[in-house]
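*Asks:* One structure follows; several queries about it will come next.
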Amino acid sequence: MRTQELATEFDFTAVDFPNGENLGNWRAAELLGSGGTAEVWRAVAPDGREAALKLVRPKLRRHPGANALLIREHETLRSVASPHLVAPYELIDCDGAAVLVLEYLPHGDLVSMVGTPPRQWLHAFAIVLAALADLERHGLAHGDLKARNVLFAADGSARLADLTSAHPLDAPAAAGTAAYGLPEPCGARARDADCFALAALLFELATGRLPYGQLGAAAGAELAHVAVRDPAAARLEAAAAAALRAQGRQGLSYFVDVIESVRGMHD
């Protein structure tokens with residue numbers, strides 16, 4: 001990210017938004033990350049509260065479609081109101097650009113737990129499953145489930161984040177992150193794509209490897225064969241592999257049973 005590029009559009013300095021009136025009480029303090037469409041800043045209010053500011057990347061800030069994604073994400077988070085999803089604080093209009101103010105989750109993402117014993121990540125996986133169930137009750141699929149979109153709050157609890165790709169459950173499966181995507185998305189539904197991505201995530205956590213590599217199943221890769229010594233991890237890997245072969249058609253209840261099957265096992 002180039003600070004000068006931001007400054008030309010919003011008159012920022014390197015770490016501050018002088019135009020504080022347009023951003024309410026929030027001051028940007030640190031760039032946390034940047035993706036293809038949006039970037040996220042850590043922000044601080046005068047009373048010391050922290051938040052994450054999500055806004056469209058500089059070159060897209062005048063594009064109504066890009067801003068509409070953030071507006072829709074805010075509406076989705078507010079309507080679902082799940083404790084398992086990142087919490088929305090407010091939506092700010094900054095000179096025509098949408099700024100989504102979110103709960104600040106400072107303790108990293110689920111990538112750091114990939115390949116570790118299940119006792120370290122099984123609860124976080126259960127939270128992801130609960131978040132997807134909450135979305136499903138509102139007729140929605142997440143659309144881009146992956147380890148990097150599972151973040152941890154200051155108390156260590158997990159949240160599912162990034163709802164910009166959310167779609168109705170029965171909508172056609174959209175292209176998400178390739179490594180977690182269906183082998184043949186054509187004809188598949190968004191709900192199936194979510195379950196397939198959940199299976200890919202479970203496989204990755206249990207084995208330390210993506211099931212089809214970075215390019216994913218759509219690139220024609222075979223499902224990876226990984227020797228797992230830990231009994232709980234081995235059971236989870238087998239369950240994930242079965243769900244991947246079924247292309248996510250079992251539904252979320254399958255994963256509830258999978259989690260219960262390993263609870264109480266010794267690591």
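The values are calculated or read from the model by the stated rules, or taken from the named source; none is laboratory data. Quick caveat, the model's predicted, so the values are computed rather than measured. No Cβ is skipped: glycine too gets one built from the backbone with ideal geometry, and neighbour counts run over all protein chains shown.
*Asks:* Test each condition in (1) closer than 17 Å to Ala188 by Cβ; (2) surrounded by 14 or more Cβ atoms within 10 Å (Cβ to Cβ) for Val256 and report the one that comes out false.
*Replies:* Only one criterion in (1) closer than 17 Å to Ala188 by Cβ; (2) surrounded by 14 or more Cβ atoms within 10 Å (Cβ to Cβ) is unmet by Val256, namely (1).
*Asks:* Taking the conditions exactly as written (in contact (Cβ under 8 Å) with a residue 60 or more places away in the chain and in contact with a strand residue (DSSP E or B) (Cβ under 6 Å, 6 or more places away or on another chain)), does Asp230 satisfy them or not? Give the steps one after another, and end with the answer.
*Replies:* Working: in contact (Cβ under 8 Å) with a residue 60 or more places away in the chain: yes; in contact with a strand residue (DSSP E or B) (Cβ under 6 Å, 6 or more places away or on another chain): no.
No.
*Asks:* Applying the selection to segment 212-248, what residues are closer than 20 Å to Thr177 by Cα, surrounded by 14 or more Cβ atoms within 10 Å (Cβ to Cβ), at pLDDT below 95 and more than 21 Å from the chain's Cα centre (by Cα)?
*Replies:* The answer is Ala221, Leu223, Ala224, Ala246.
*Asks:* Any residue that is more than 15 Å from the chain's Cα centre (by Cα) and closer than 22 Å to Ala199 by Cα - is there at least one of those in segment 94-110? Full working, then the answer.
*Replies:* First pass over segment 94-110, keeping only residues more than 15 Å from the chain's Cα centre (by Cα): 94-101.
Then drop every residue that is not closer than 22 Å to Ala199 by Cα, which leaves none.
No, the conditions are met nowhere in segment 94-110.
*Asks:* Moving to a separate point now. The conditions are (1) more than 15 Å from the chain's Cα centre (by Cα); (2) among the small types (Gly, Ala, Ser); (3) not in a loop (DSSP other than H, G, I, E, B), and Ala154 fails exactly one of them. Which is it?
*Replies:* Here Ala154 meets the rest and fails (3).
*Asks:* Identify all residues within segment 45-104 that are of a type in the set (Val, Ile, Thr), at pLDDT 95 or above and part of a strand (DSSP E or B); write none if there are none.
*Replies:* Filtering segment 45-104 for residues of a type in the set (Val, Ile, Thr) gives 56, 71, 76, 80, 86, 92, 99, 101.
Add one more test, that the residue is at pLDDT 95 or above, and what stays is 76, 80, 86, 101.
Once the filter is applied, which keeps residues that are of a type in the set (Val, Ile, Thr), at pLDDT 95 or above and part of a strand (DSSP E or B), segment 45-104 yields only Val101.
*Asks:* Ok, one more. Arg189 versus (1) in contact (Cβ under 8 Å) with a residue 12 or more places away in the chain; (2) within 30 Å of Arg42 (Cα to Cα): which is the lone unmet condition?
*Replies:* Arg189 satisfies every listed condition except (2).
Listed here are the residues, each with its yes/no results for (1) in contact with a Leu (Cβ under 7 Å, 6 or more places away or on another chain); (2) surrounded by 19 or more Cβ atoms within 10 Å (Cβ to Cβ); (3) under 17 Å from Leu132 (Cβ atoms).
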site: Leu163; (1), (2), (3): yes, yes, yes
site: Ala174; (1), (2), (3): no, no, yes
site: Ala179; (1), (2), (3): yes, yes, no
site: Asp194; (1), (2), (3): yes, yes, yes
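Conditions tested, residue by residue: (1) in contact with a helix residue (DSSP H, G or I) (Cβ under 9 Å, 6 or more places away or on another chain); (2) closer than 20 Å to Ala190 by Cβ.
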| site | (1), (2) |
| --- | --- |
| Ala97 | yes, no |
| Val101 | yes, no |
| Asp109 | yes, no |
| Pro117 | yes, no |
| Ala124 | yes, no |
| Ile127 | no, no |
| His138 | yes, yes |
| Ala141 | yes, yes |
| Asp144 | yes, yes |
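*Asks:* Can you tell me which condition Ala206 does not meet? The list is (1) in a helix (DSSP H, G or I); (2) modelled with pLDDT under 95, and all the others hold.
*Replies:* The number of the failed condition is (2).
*Asks:* Are any of the residues in segment 155-169 touching a helix residue (DSSP H, G or I) at 6+ places or on another chain (Cβ under 6 Å), closer than 20 Å to Leu215 by Cβ and assigned by TED's automatic domain parsing to the domain that holds Leu215? First the steps, then the outcome.
*Replies:* The first filter runs over segment 155-169 and keeps only residues touching a helix residue (DSSP H, G or I) at 6+ places or on another chain (Cβ under 6 Å), leaving 158, 160-164, 166-167, 169.
Those left that are additionally closer than 20 Å to Leu215 by Cβ: none.
No, there is no match, as no residue in segment 155-169 is touching a helix residue (DSSP H, G or I) at 6+ places or on another chain (Cβ under 6 Å), closer than 20 Å to Leu215 by Cβ and assigned by TED's automatic domain parsing to the domain that holds Leu215.
*Asks:* Hey, another quick one. Given the conditions (1) surrounded by fewer than 21 Cβ atoms within 10 Å (Cβ to Cβ); (2) among the polar types (S, T, N, Q); (3) closer than 18 Å to Arg191 by Cα, and given that Ser79 satisfies all but one, which numbered condition is not satisfied?
*Replies:* (3)
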